[in-house]
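Participant: What follows is a structure written as structure tokens; I'll ask about it next.
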Amino acid sequence: MKTICVISARGGSRGLPGKNIRQMLGKPLIVWSIEQALATKEIDRVVVSTDSETIAGIARDAGAETPFLRPEYLSSSEAGKFGVFKHALQACEEYYGESYDLYVDLDCTSPLRDVSDISACIAQFHERRKNGVDGVFSICEARKNPYFNLLETNEEGALKICKKLPGTIVRRQDAPAVFEHVASIYALAPDYIRSANYLLDGHTEGYNIGSEKSLDVDSDFDFLLIEYLMKRKHGLLI
């Protein structure tokens, strides 16, 4: 079994410019994910997909490989992640002249994950693959529930519950379970990446990473909050 891990990192960011290489606890943010990937025994090759020479240099210094620069059409804020998967898979297969049994993506804005989470997500994929599962990605229980406390407006502007069931849900515990898509870990079959156009096109399932590890950096507030949690995690709080 040969597993490739690709960490995607655009040079630009609307929410927080330069976030992928912003210093967090003494190292660029992306380095946390690179080090986690390198420490995961199931992963054979760690590649960074970026359009930035600066990010590529930092990635190489941290031990990752950068066999290509991402094309411009996949480097804007409008570019979808699945297209990045497709490009990286094909580019790596062509560059290294090898095929892969598993494609893993780690989002570089999610440093709160543990190596054990990556291994567990990979293990879940292999266990469920024999039942036809195309991929496993990180989720957590949603903080808000569309059957209970998520609202939308109708034509008159009145607030209504997003998803209506027969009767009225008066306790969150009585609402159907819903989950947040956590942009942290993706374990996907290469054939699925080649044939699909969207993460949920096929049979994908969730690895529950838990709410405490579900946060990702997309703003200054996110960065400060995650930095605090990282300090607590690594015993750096005074």
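The values are calculated or read from the model by the stated rules, or taken from the named source; none is laboratory data. What you are looking at is a predicted structure, and each value in this text was computed from that prediction instead of being measured. Positions of Cβ are generated from backbone atoms using ideal geometry, with glycine treated the same way; all protein chains shown enter the neighbour counts. Protein only, heavy atoms only, side chains kept; ligands, DNA and RNA dropped before computing areas. Shrake-Rupley method; radii C 1.70, N 1.55, O 1.52, S 1.80 Å.
Participant: What distance in nm separates the two pseudo spin-label positions at Lys144 and Lys160, each 7 Å out from Cα along the beta-carbon direction?
Facilitator: Each label point lies 7 Å from its Cα, and together they span 1.8 nm.
Participant: Starting from the Cα-Cα distance between Lys81 and Asp114, subtract it from 0.36 nm times their residue separation and give me the gain in nm to one decimal.
Facilitator: Additional length available on full extension: 9.7 nm.
Participant: Please identify every one of the GluC sites (Glu not before Pro) in region 152-238 that sits in a loop by DSSP and has no more than 11 other beta carbons within 10 Å of its own beta carbon.
Facilitator: Sites meeting the loop and neighbour criteria: Glu155, Glu156.
Participant: Over the chain, what is the relative contact order in whole percent, taking alpha-carbon pairs under 8 Å and six or more residues apart?
Facilitator: 24 percent
Participant: If the cut-off is a Cα-Cα distance under 27 Å, which lysines reach Lys27, setting aside same-chain residues fewer than 8 apart in sequence?
Facilitator: Lys19, Lys41, Lys81, Lys213, Lys231, Lys233
Participant: Amide H neighbours of Leu102 under 5 Å, counting only residues 5+ apart in sequence or on other chains, H built in-plane at 1.01 Å?
Facilitator: For Leu102, the qualifying residues are Lys2, Ile4.
Participant: Still on this model: Can you work out the Karplus-derived ³J(HN,Hα) for every residue in region 85-94? Use 6.51 cos²θ - 1.76 cosθ + 1.60 with θ = phi - 60°, whole Hz, and x for glycine or proline.
Facilitator: 4, 4, 5, 5, 4, 5, 4, 6, 4, 6
Participant: Residue by residue, what Karplus-based ³J(HN,Hα) values in Hz, rounded to whole numbers, does region 150-167 have, using 6.51, -1.76 and 1.60 with θ = phi - 60° and x for Gly and Pro?
Facilitator: 9, 10, 9, 9, 8, 4, 8, x, 7, 6, 9, 5, 4, 10, 8, 10, x, x
Participant: While we're here: How large, in percent, is the carbon and sulfur part of the accessible surface of region 12-68 at a probe radius of 1.4 Å?
Facilitator: Result for region 12-68: 47 percent of the exposed heavy-atom area is carbon or sulfur.
Participant: Counting only residues 5 or more places away or on other chains, whose amide H sits under 5 Å from the amide H of Asn208 once H atoms are built in the peptide plane?
Facilitator: The list, which skips near neighbours in sequence, is Ile139.
Participant: Please report how many Lys pairs in region 85-197 have alpha carbons closer than 27 angstrom, counting only residues at least 8 apart along the chain or sitting on separate chains.
Facilitator: Summing the qualifying lysine pairs gives 4.
Participant: OK, next. Can you pull out the GluC sites (Glu not before Pro) in region 16-103 that DSSP calls coil and that have at most 10 other Cβ atoms within 10 Å?
Facilitator: Of the GluC sites (Glu not before Pro), the ones in loops of region 16-103 whose Cβ has at most 10 other Cβ atoms within 10 Å are Glu78.
Participant: If you don't mind, there's one more thing I want to ask. Once you place label points 7 Å from the Cα toward the Cβ at Val170 and Leu225, how far apart are they in nm?
Facilitator: Between Val170 and Leu225, the label points sit 3.2 nm apart.
Participant: When the Karplus curve 6.51 cos²θ - 1.76 cosθ + 1.60 is applied with θ = phi - 60°, which whole-Hz ³J(HN,Hα) does each residue of region 229-238 get, with x for Gly and Pro?
Facilitator: My calculation for region 229-238 gives 5, 5, 4, 5, 5, 9, x, 9, 7, 8 Hz in order.
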